[in-house]
Every structure is written in C-alpha cells, then in structure tokens.
C-alpha cells in the first residue's frame, strides 16, 4: 500500500514537471482566436466556398493564399460580416460571430490596397471619423502616432482623394491600426508600395505582432511578403484549403524550389487529386 501511494505521488510530480516543461517549450495551449468550421457560400449555382475549415491561434500571422477565384475574398467578406455564409460557423474570441457580431468587430479591423476612404475629406478628418466610430481615446494623438509610424505625417492635412496609391495604402493601414485590434485582416497590404516602404511595413507588422500580440489573417500575391511575415499559410483552391503549414514546410511538401513555384502549380492545377 505504501509503495502504491509513493508511485502515485511520483507520477503526479512527474506529470506536473512534464506539463511545466511542455509549457516552457511549446507555450500555453489555448483555444483558437479564430475558428472557421465547414464554411460554405454559394451565389446561385456558383460555389464560392465549398468546405472551408481552419483555425488561427492568438498572436499568429496566417497567410490565406490562392489564385483569383479561390475563395479568399469571399472568406474575408464573411469574417467582416459583409456577407452571410450559406452554411457553417465562424467563431472569433470564443464567440459565435452571428450572435456577437458588433462586440467582435469592435475588437477587429481591416485594411486593403483596393478600398478607399472618402475622397473629399482630409486625411486627419477621415481618420478622426473612424477613431470616433471605434471609441479611440485621445484620437488625434493616436492618429499622429500612426502617421509617424508609417512615415507619412506630412499627409495629415492632404485631401485623401489626391493621394498616390502608395500613400492611400499607408493611410488605410493607419485606419486599420487605430483601435489596436486584436484581430487584423489584411488584403494585399503592400500591393501599391515601393520595395523600401513594403519592407518597412512588413517589419512594422512583425514588430506589432511581437509587442502587442496582434493576430493577423493576411492575403497576398506577393510571396516575399508571405515568406517574411507569415508564421503559417493556408492554400485555397476551389473554395477549400488544400495545403497548410509554415511556408518552408509547404514548399517541401509540394517538392518545389520556392513558394512562388507552389503558387503557380496550385493556380494551374485543375484537379485537387493532383496535389500531394
């Protein structure tokens, strides 16, 4: 009996130690911050998303990749509440999206190189309106911090419609960071930027991930962006995820030389069964 009790105590101590070591090595195990479950979206007879299922953990930057028509934009639109899925479920911050839509979106934000702010307002006016919608404290101070961060403080009094495409992209990024979002959805955030500014933006996003723990879902056709920024990627084709993992692992899985080669192969393949 004494031996049995000693054995139980020893096992308990070992389990605690193993748990502690695992926590130090792998980090705490937590529920996904974003969980998409068997999402389907049809437009008449067209299936935009067939069976989309993936998770994103807190603090991850995950790339959502695929050729035009793969379903990326539809997926992002659903996550923003712009369209309703035909079936399936989206959970963000552990809450069902449809039931807690406003509360969830208050903690998120979005930027795209292909969306524009009202063109007749000054940059400060535009950003102040969005800061008010998000209830940002000390809005003008926050706006100026972000303009400095993106190296565009000189644009504060410029008319938004008179900005270059690269300037507009950076102003949109300022808008997306106003409320210090916990989940940031980015659609081609460096598409209109020159290589120098694009590199700075990538570094800013990585720094914000590390310092503020922001989780990001990142779509891009620029594979350098993806390789430098994303911890993990999800390749979509015909409304499904056909490959996922760290960029280097996906390249190895497809037995290609680069992520760009993988992208071209996925884009040109008409048959999912050809994928490894």
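The values are calculated or read from the model by the stated rules, or taken from the named source; none is laboratory data. All values derive from a computational prediction rather than experimental measurement. All Cβ positions, glycine included, derive from the backbone under ideal geometry; neighbour counts span all protein chains shown.
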### Message
Restricting to segment 156-165, give me the number of residues that are surrounded by 14 or more Cβ atoms within 10 Å (Cβ to Cβ) and in contact with a strand residue (DSSP E or B) (Cβ under 9 Å, 6 or more places away or on another chain).
### Response
4
### Task
Evaluate segment 46-68: report whether one residue or more is within 20 Å of residue 184 (Cα to Cα), free of Cβ contacts under 8 Å to residues at least 24 places away in the same chain and assigned to a loop (DSSP other than H, G, I, E, B).
no
### Task
Evaluate the following for residue 196: is it over 29 Å from residue 51 (Cα atoms) and free of Cβ contacts under 8 Å to residues at least 40 places away in the same chain?
yes
### Query
Does residue 97 fit the bill of being outside the structural domain of residue 158 (by TED's automatic domain parsing), touching a strand residue (DSSP E or B) at 6+ places or on another chain (Cβ under 6 Å) and over 22 Å from residue 237 (Cα atoms)?
yes
### Message
Can you tell me which condition residue 32 does not meet? The list is (1) assigned to a loop (DSSP other than H, G, I, E, B); (2) touching a residue at least 60 places away in the same chain (Cβ under 8 Å); (3) in contact with a strand residue (DSSP E or B) (Cβ under 6 Å, 6 or more places away or on another chain), and all the others hold.
### Response
(2)
### Query
Which fully enclosed helices (runs of 4 or more DSSP H) of segment 88-185 have 2 or more residues being in contact with a helix residue (DSSP H, G or I) (Cβ under 6 Å, 6 or more places away or on another chain) and under 30 Å from residue 57 (Cβ atoms)?
123-134, 165-177
### Task
Within segment 135-151, count every residue that is under 24 Å from the mean Cα position of the chain (by Cα) and touching a residue at least 12 places away in the same chain (Cβ under 8 Å).
9
